[in-house]
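*Asks:* Have a look at this one before I ask anything.
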Amino acid sequence: MSMLDKTAPHAQPFFLGTFASNCSGGMTVTKVPERWASSWDNNLRLAHLLDEAGIDFMLPIARWIGYGGETNFHGNVLETITWAAGLLALTRNITVFATTHTAANHPVVVAKQLATIDQISRGRIGLNIVAGWNKPEYEALGLTLPDDHVTRYGYAQEWFDIVQALWERTEAFVWDGTWFKLKNVLGDPRPSSRPPILNAAGSEEGRKFAVRNADFLFTPAIDLARSKDEIIALKEQARAAGSDVDVLTFAHVVCRPTEKEATDYLEHFGRANADWAAVDNLVRLQFAHAQSFPHDLLALIRDRMAAGHGGFPLTGTPEQVADGITALHAAGFRGSTLSFVDYVEEFPYFRDTVLPILEERGIRIAPAAMRSAA
Ligand SMILES: Cc1cc2nc3c(=O)[nH]c(=O)nc-3n(C[C@H](O)[C@H](O)[C@H](O)COP(=O)(O)O)c2cc1C
């Protein structure tokens, strides 16, 4: 059973997960020596901490080449399907997503990989679909990134239609599509229930894809007033299409006993010691090929790109961090991922100080209460 089953009577009011722990640097483009090392051992330590604390999910980034700079940010990356399978075999409750580039992974193979992990995890695998944006990465794989979003998402739609057909149909079938011609194909085994589906996008085509296919759209939270209007519009669009999509975002946490300690540390890792060459590569590629960050806002958030890959800043005391999460909830987000400079070192302080405040405010339910409700 997935923690992200939003229809379950005991679902969390506001979902919490982590993002990018499978990538070197995590979400922080910094040169400080304690920056995140994305080893298997560190990921497993983190997964155990999160699982025991009742955190709902872990989401990886699928990345095939780094962003350069002094640290080659995201140069060391654990592959997400094998990463998810390993973590799920060794945890009990948490949902773990695989992130898949549609162009780099055959849908028949992916459908079976996820059905296999569904058995390993007893229904705790999720799928984050990436329709493509990073041209140098496509070139590294010998693939061509279509310039237009209509083709990218048209391909992704056919890809996901095949995955869903393999998860649903009980008779072998023929697929005669634009991109795929398949003969006598059957999904066996099939997952016990449809895994939660995420799609991260900012473009119009991307949002339409999410409304058609996903349980959650992933978008940045930069201006919360604007997010609030966009979430209302998206949910209306989904209702009109007969679907139900919720919106998740991503946030970067610097939580310390005093505000000064938190802002001093932010200044240290995210400004004075940022890997600005890698930040500029990241921003340049986003401008060139993606609309995941609105371009009028992207130009303004170079600092945020360094400190948390553009994530919503949660900087300050436990009370201030809880206030930030409360503001995301009030803007209509259904949940957020969290990242830290060093996830394993910093998560326990967040767990011990921020989670109780969120529980008092009714935004989170304590793990013990969740277990007795289940
Ligand atoms: C929260 C989030 C997670 C994402 N995860 C990945 C990823 O793991 N790998 C990747 O190549 N792109 C990733 N993307 C990029 C998107 O999937 C998408 O291709 C990109 O934002 C272009 O979107 P657009 O269609 O709005 O232009 C992510 C984007 C966001 C906002």
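*Asks:* With labels modelled as points extended 7 Å from the Cα through the Cβ direction, what inter-label distance (nm, one decimal) is found for residue 373 paired with residue 39?
*Replies:* 3.8 nm
*Asks:* What FRET efficiency, computed as 1/(1 + (r/R0)^6) with R0 = 56 Å and r the Cβ-Cβ distance, is obtained for residue 171 and residue 351, rounded to the nearest 0.05?
*Replies:* 0.70
*Asks:* Skipping prolines and chain starts, which residues have an amide H placed within reach, meaning under 5 Å, of the one on residue 315, given they are 5 or more residues away or on another chain?
*Replies:* HN-HN under 5 Å from residue 315: 254.
*Asks:* Please give the charge dipole size of the range 93-184, origin at the Cα centre, charges +1 on K and R Cβ atoms and -1 on D and E Cβ atoms. Round to the nearest 20 debye.
*Replies:* Its charge dipole is roughly 320 debye.
*Asks:* While we're looking at this one, here's another question. Using the Karplus equation 6.51 cos²θ - 1.76 cosθ + 1.60 (θ = phi - 60°), what ³J(HN,Hα) coupling, rounded to whole Hz, does each residue of the range 340-351 give in order, writing x for Gly and Pro?
*Replies:* 9, 4, 10, 4, 5, 5, 9, 4, x, 5, 4, 4
*Asks:* Also: Say R0 is 41 Å: what FRET efficiency, to the nearest 0.05, do residue 140 and residue 268 get from their beta-carbon distance?
*Replies:* For R0 = 41 Å, the calculated efficiency reads 0.80.
*Asks:* How large is ³J(HN,Hα), in whole Hz, for each residue of the range 174-185 in order, when computed from phi with the Karplus curve 6.51 cos²θ - 1.76 cosθ + 1.60 and θ = phi - 60°, using x for Gly and Pro?
*Replies:* My calculation for the range 174-185 gives 9, 10, 10, x, 6, 9, 10, 10, 10, 10, 6, 10 Hz in order.
*Asks:* What is the antiparallel percent of DSSP beta bridges lying wholly in the range 70-188, to the nearest 5?
*Replies:* 35 percent
*Asks:* Something else now. For the pair residue 237 and residue 188, how long in nm is the line joining their label points, each one 7 Å along Cα→Cβ?
*Replies:* Reported label-point gap for residue 237 and residue 188 is 4.0 nm.
*Asks:* In addition: Hey, for a label at residue 148 modelled as a point 7 Å past Cα toward Cβ, could you say which residues of the range 201-228 have their backbone N under 20 Å away?
*Replies:* 202-210
*Asks:* Can you give the Rg/Rh ratio of the chain, where Rg is from the C-alpha atoms and Rh is the Kirkwood radius?
*Replies:* Looking at the chain, the ratio lands at 0.94.
*Asks:* For residue 218, which sequence-distant residues (separation of 5 or more, or a different chain) have an amide H within less than 5 Å of its own amide H, given hydrogens modelled in the peptide plane?
*Replies:* Placed amide hydrogens put 199, 200, 201, 248 under 5 Å from residue 218.
*Asks:* About its Cα centre, how strong a charge dipole does the range 15-373 have in debye, to the nearest 20, once Lys and Arg get +1 and Asp and Glu get -1 at the Cβ?
*Replies:* 680 debye
*Asks:* Quick one: of the DSSP bridges fully inside the chain, what percent are antiparallel, nearest 5?
*Replies:* Here the share of antiparallel DSSP bridges comes out near 15 percent.
*Asks:* State, to one decimal in nm, how far the label point of residue 359 lies from the label point of residue 228, with both points 7 Å from Cα in the Cβ direction.
*Replies:* Distance between the two pseudo-spin positions: 3.0 nm.
*Asks:* In terms of modelled amide H atoms, which long-range or inter-chain residues lie less than 5 Å from the amide H of residue 98?
*Replies:* The list, which skips near neighbours in sequence, is 126, 127, 128.
*Asks:* Follow-up question, since we're still on this one. Tell me, what HN-Hα J-couplings in whole Hz come from the Karplus equation 6.51 cos²θ - 1.76 cosθ + 1.60 at θ = phi - 60° for each residue of the range 46-52, using x for Gly and Pro?
*Replies:* 4, 4, 5, 4, 5, 4, 5
*Asks:* Within the range 311-339, whose backbone N sits under 18 Å from a point 7 Å along Cα→Cβ of residue 258?
*Replies:* The answer is 315-321, whose backbone nitrogens lie closer than 18 Å to the label point.
*Asks:* While we're here: About its Cα centre, what dipole magnitude does the range 1-158 give when the only charges are +1 on Lys and Arg Cβ and -1 on Asp and Glu Cβ, stated in debye to the nearest 20?
*Replies:* Charge dipole, the range 1-158, about its Cα centre: 220 debye, nearest 20.
Read-outs: derived from the displayed coordinates by stated rules, not from any lab. Just so it is clear, the model here is predicted, and its values are computed rather than measured. Glycine gets a Cβ as well: all are built from the backbone with ideal geometry, and neighbour counts include every protein chain shown.
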